[in-house]
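Bear in mind that the values in this text are calculations on the coordinates, not laboratory data. No experiment lies behind these values; they were computed from the predicted model shown. A quick note on method: Cβ atoms are made from the backbone with ideal geometry, for glycine too, and the neighbour counts reach across all protein chains shown.
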Amino acid sequence: MADTNVAGFIDDLNNLPNLISSISQTKVWAKEPIEKNQFIYFVGMGSSYYAAQDVARQLRNNGYLAVAEIASAITPKSFPENSIVVAISASGNSVEVIKFLENLPANIHSVALTREANSKITKLVKEVLLLPIKAETGGVSTWSYRATLIALFQLLEKLGIAPSVKDTCLNAKKQLQKLLDSKNQWLESFMNLTTSDSGIWLMSPAERSGSALQGALMFREGPRVQADGCETGDWSHVDVYLTKSLDYKALMFTGSNWDQQAIEWLVNRNSAFGSIGSYSKGNIASINIEDGDTLFKLLTELLIPELMSANLWNKQ
């Protein structure tokens, strides 16, 4: 666990537009794309796992054999022939990822995705892909999460699943700067969602599950407040119960087919919620994010809970 500090975290957020542009100039996924019948197995912890889940889902939706697994799971004893394992750890020293690789069958082609060329996981794999970033100044995984997404979406671009990553990052840079420049106009209304002793609860579409999970992590990793993330459709099966007993305040990344179902529950239970996106309006706060492809949304919409977290943390 890295040492964290709020001043560095704020600097990291302010540097995001230029960072996104810089990362996109490097072809991290320079290796050949996978074959349609080739099994790809992503493994990581925390932010790395969140990013991998959304990319694996994109691959499956386009007919590829892809799975994202948390590295603390037991390493499979065997894999389908011609499988590839992509182990993700920004620091390269995540003990769970190391243990997973140590137990990996020797015949499996393994790849490390990391920012540290001489880290422990690079010694345990057959191939290394380097993220073109340094460690975050604030010790919070704002840069590494986005760098991992960009690298993995370069694979999707090679397969024809995603549009130009470089173009998407250019658009994301503009949107991030716009959000940073205008934060005094919208941030205070979103801070009304952080006043409950019961914490804050985030939800996002399955295709962007990382936004809710990473957004919640920002509240826990920075100001250390209670927060959790959920997929929007599943929210009506697993989190809705809390609206009856808690001072429930939700932050919704919109765009799911199941937004309205969740909104109806929130309204009927008199729960406060804010919305991020161009599809619906929260009853406490809302902000429009320009429409774009999946990577664009993943890179930009997360800035709202990040800035909320920074604001909370800075007041502590």
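Residue by residue, the stretch 197-208 carries 3J(HN,Hα) couplings of 5, 8, x, 10, 10, 10, 9, 8, x, 4, 5, 10 Hz when phi is fed to the Karplus relation 6.51 cos²θ - 1.76 cosθ + 1.60 (θ = phi - 60°); x denotes Gly or Pro.
Shown in residue order for the stretch 130-141 are the 3J(HN,Hα) couplings computed by the Karplus curve 6.51 cos²θ - 1.76 cosθ + 1.60 at θ = phi - 60°: 9, 6, x, 9, 9, 5, 4, 5, x, x, 10, 6 Hz (x for Gly and Pro). Under the convention that each Lys and Arg Cβ holds +1 and each Asp and Glu Cβ holds -1, the size of the dipole of the chain around its Cα centre is about 440 debye.
For the chain, the C-alpha radius of gyration divided by 2.2 N^0.38 Å, with N the number of residues, is 0.98. Subtracting the Cα-Cα distance of ASN314 and GLN38 from 0.36 nm times their residue separation leaves 94.6 nm of extension gain.
The C-alpha atoms of the stretch 6-166 occupy a region whose extents along the principal axes are 47, 34, 22 Å, arranged from largest to smallest. Estimated at 0.36 nm per residue, the fully extended path between ASN5 and LEU180 surpasses their Cα-Cα distance by 61.0 nm.
This model, with +1 at the C-beta of Lys and Arg and -1 at the C-beta of Asp and Glu, gives the stretch 170-315 a dipole about its Cα centre of some 360 debye. Among 147-153, 234-240, 110-116, 76-82, the peptide with the highest mean count of other Cβ atoms within 10 Å heads the list, and the full ranking is 147-153, 110-116, 234-240, 76-82. Descending by average beta-carbon neighbour count within 10 Å, the peptides 50-57, 297-304, 36-43 line up as 297-304, 50-57, 36-43, the highest first. Scanning residues 5 or more positions from ALA71 or on other chains, those with amide H under 5 Å from its amide H are GLY44, MET45, with H placed 1.01 Å from N in the peptide plane.
Only Cα pairs under 8 Å and 6+ residues apart enter the sum, and on that basis the relative contact order of the stretch 170-315 stands at 28 percent. Of ASN311, ALA162, VAL238, which is farthest towards the positive pole of the chain's charge dipole, taken about the Cα centre with +1 and -1 on the beta-carbons of Lys, Arg and Asp, Glu respectively? Of the listed residues, the answer is ALA162. Distance between the pseudo-spin-label points of LYS281 and ASN257 (7 Å out from Cα toward the beta carbon): 2.7 nm. Amide hydrogen proximity for SER275: with H placed 1.01 Å from N in the peptide plane, the residues at 5 or more positions away or on another chain lying under 5 Å are MET252, GLY282, ALA285, SER286, ILE287. Between HIS109 and GLU127, the modelled labels are 0.5 nm apart [label points 7 Å from Cα along Cα→Cβ]. In the stretch 157-201, whose amide N lies under 19 Å from the spot 7 Å out along Cα-to-Cβ of TYR241? List them in ranges. Zone members listed by number: 198-201.
Overall, the stretch 6-166 carries a charge dipole of about 220 debye about its Cα centre when +1 sits on the Cβ of Lys and Arg and -1 on the Cβ of Asp and Glu, all other atoms neutral. When Rg and the Kirkwood Rh are both derived from Cα coordinates, the Rg/Rh ratio for the stretch 170-315 amounts to 0.93.
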